Amino acid sequence: DRERPFFAFVNYMEAHERYSPPRPWDRRFLPPGTTRVQVAGLGSKGEILASTGRRRSSSLAVLTGLYDGTIGYLDARIGELLEDLRASGDLEDTVVVVTADHGDSLGEHGYLGHRLYLYEELVRVPLIVNHPGTFPAGTVVEEQAELGDLFPTLLELAGAAPAAGATPFRSLLPGAAPAPPYAVLENTAPKALDLVQMRALRTPHRKFIWRSDGRHQLFDLELDPGEEHDLSPSAPDVVESMLTTLDDWERSFAGTTLQPAEAAYDEATLERLRGLGYIG
């Protein structure tokens, strides 16, 4: 019904392991001289991380080239979607959001993948919002935002009533609300790493990573954007302050209750979820 508003959630999976972009994206970002034999013999994540020296550097360069190829291909497909909206005359009246649920580590911190840690390469994801007349084109917003902020943002843009009850998130419309002093990140169900749970407190300039095994970390994101130098041993007062803030954040949800409901899926949907690894 072209007279009614529509909502579409388009979930692209191309930028997930194993990285297998189609031609010509499969070779566009590979290091010069890379052969198909090298790509085919790349090996598993464990084998790449176990290698050393030039072999490890070469493998990571090839892996990064394949990852960039999947991003290039994905960019082209999103472009096709936008062109279809433009051709139908709907683009000017459609809010378009491009974002991601996580990034991938490509050797940073000695790791490949996205299941364990809360470093920047995994949690600092793109957030692009297009709606002519609301968000000025080409504007870059430096302040922190969270994916949860999209909920009140889209409600407001749609003219819908705000969500019932308190929410830690804010509308991202210009002038709607100031950025909070911090964002909280969580990995409370890790699939490895001896089941170590993690929670991070990120301010515009610092990140504190709490770990359930007590090996907390503190980074200066301005001076050390790659998070290579843990400052926690030399800044116990800052660590204590961050721990207190995390405790206060957790206590702020005291008394909050959720009413879970069992979702109903057909067998085709269940099979897709199994294939993506979301259910056993």
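The values are calculated or read from the model by the stated rules, or taken from the named source; none is laboratory data. Note that this is a predicted model, so its numbers are computed, not measured. Cβ coordinates were reconstructed from backbone atoms using ideal geometry, including for glycine residues, and neighbour counts include every protein chain displayed. Side chains included, ligands, DNA and RNA excluded: accessible areas come from the protein's heavy atoms. Shrake-Rupley method; radii C 1.70, N 1.55, O 1.52, S 1.80 Å.
So here's what we get for this one:
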quantity: Residues being of a type in the set (Ser, Thr, Tyr) and either crowded, with 20+ Cβ neighbours inside 10 Å or part of a loop (DSSP other than H, G, I, E, B) (or both) - total across the stretch 201-242; calculated: 2
quantity: Positions within the stretch 265-279 being more than 23 Å from the chain's Cα centre (by Cα) and open to solvent by less than 100 Å² (accessible area, probe 1.4 Å), in sequence order; calculated: ASP266, ALA268, THR269, LEU270
quantity: Test: residue in the stretch 94-103 that is outside any loop (DSSP other than H, G, I, E, B), acidic (Asp, Glu), touching a residue at least 24 places away in the same chain (Cβ under 8 Å) and under 25 Å from GLY69 (Cα atoms); calculated: no
quantity: Sole exception among (1) in contact with a strand residue (DSSP E or B) (Cβ under 7 Å, 6 or more places away or on another chain); (2) touching a residue at least 24 places away in the same chain (Cβ under 8 Å); (3) surrounded by 16 or more Cβ atoms within 10 Å (Cβ to Cβ) for GLY107, by number; calculated: (1)
quantity: ARG115 vs. criteria over 30 Å from LEU218 (Cα atoms), among the basic types (Lys, Arg) and open to solvent by 70 Å² or more (accessible area, probe 1.4 Å); calculated: no
quantity: Qualifying residue in the stretch 58-71 (condition: touching a strand residue (DSSP E or B) at 6+ places or on another chain (Cβ under 8 Å), touching a residue at least 60 places away in the same chain (Cβ under 8 Å) and surrounded by 16 or more Cβ atoms within 10 Å (Cβ to Cβ)); calculated: no
quantity: Contacts under 6 angstrom Cβ, first residue in the stretch 221-242 being within 21 Å of SER105 (Cβ to Cβ), partner open to solvent by less than 70 Å² (accessible area, probe 1.4 Å) and of a type in the set (Lys, Arg), 6 or more apart; calculated: LEU221/LYS207
quantity: Subset of the stretch 1-23 that is at pLDDT 90 or above and over 30 Å from ASP90 (Cβ atoms) - its residue that is least open to solvent (accessible area, probe 1.4 Å); calculated: TYR19
quantity: Pairs with Cβ under 9 Å, 6+ apart, first in the stretch 265-280 and over 17 Å from GLU17 (Cβ atoms), second assigned to a helix (DSSP H, G or I); calculated: TYR265/LEU273; ILE279/LEU270; ILE279/LEU273; GLY280/ARG274
quantity: Residue count, the stretch 162-196 (criterion: open to solvent by less than 80 Å² (accessible area, probe 1.4 Å) and under 22 Å from GLY133 (Cβ atoms)); calculated: 6
quantity: Long-range neighbours under 6 Å by Cβ, at least six apart or interchain, first residue farther than 30 Å from PRO190 by Cβ within the stretch 118-144, second aliphatic (A, V, I, L, M); calculated: VAL129/VAL97; ASN130/VAL96; HIS131/VAL95; PHE135/VAL129
quantity: Subset of the stretch 92-101 (residues that are open to solvent by less than 40 Å² (accessible area, probe 1.4 Å) and either under 21 Å from the mean Cα position of the chain (by Cα) or more than 24 Å from LEU173 (Cβ to Cβ) (or both)); calculated: VAL96, ALA100
quantity: Evaluation of GLU14 against (1) of a type in the set (Asp, Glu); (2) part of a helix (DSSP H, G or I); (3) in contact (Cβ under 8 Å) with a residue 12 or more places away in the chain (one fails), failing number; calculated: (2)
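For (1) polar (S, T, N, Q); (2) within 30 Å of GLN38 (Cβ to Cβ); (3) more than 23 Å from the chain's Cα centre (by Cα); (4) surrounded by 14 or more Cβ atoms within 10 Å (Cβ to Cβ), each residue gets a yes or a no:
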{"residue": "ASP90", "(1), (2), (3), (4)": "no, no, yes, no"}
{"residue": "GLN144", "(1), (2), (3), (4)": "yes, no, no, yes"}
{"residue": "LEU150", "(1), (2), (3), (4)": "no, no, no, yes"}
{"residue": "GLY159", "(1), (2), (3), (4)": "no, no, yes, no"}
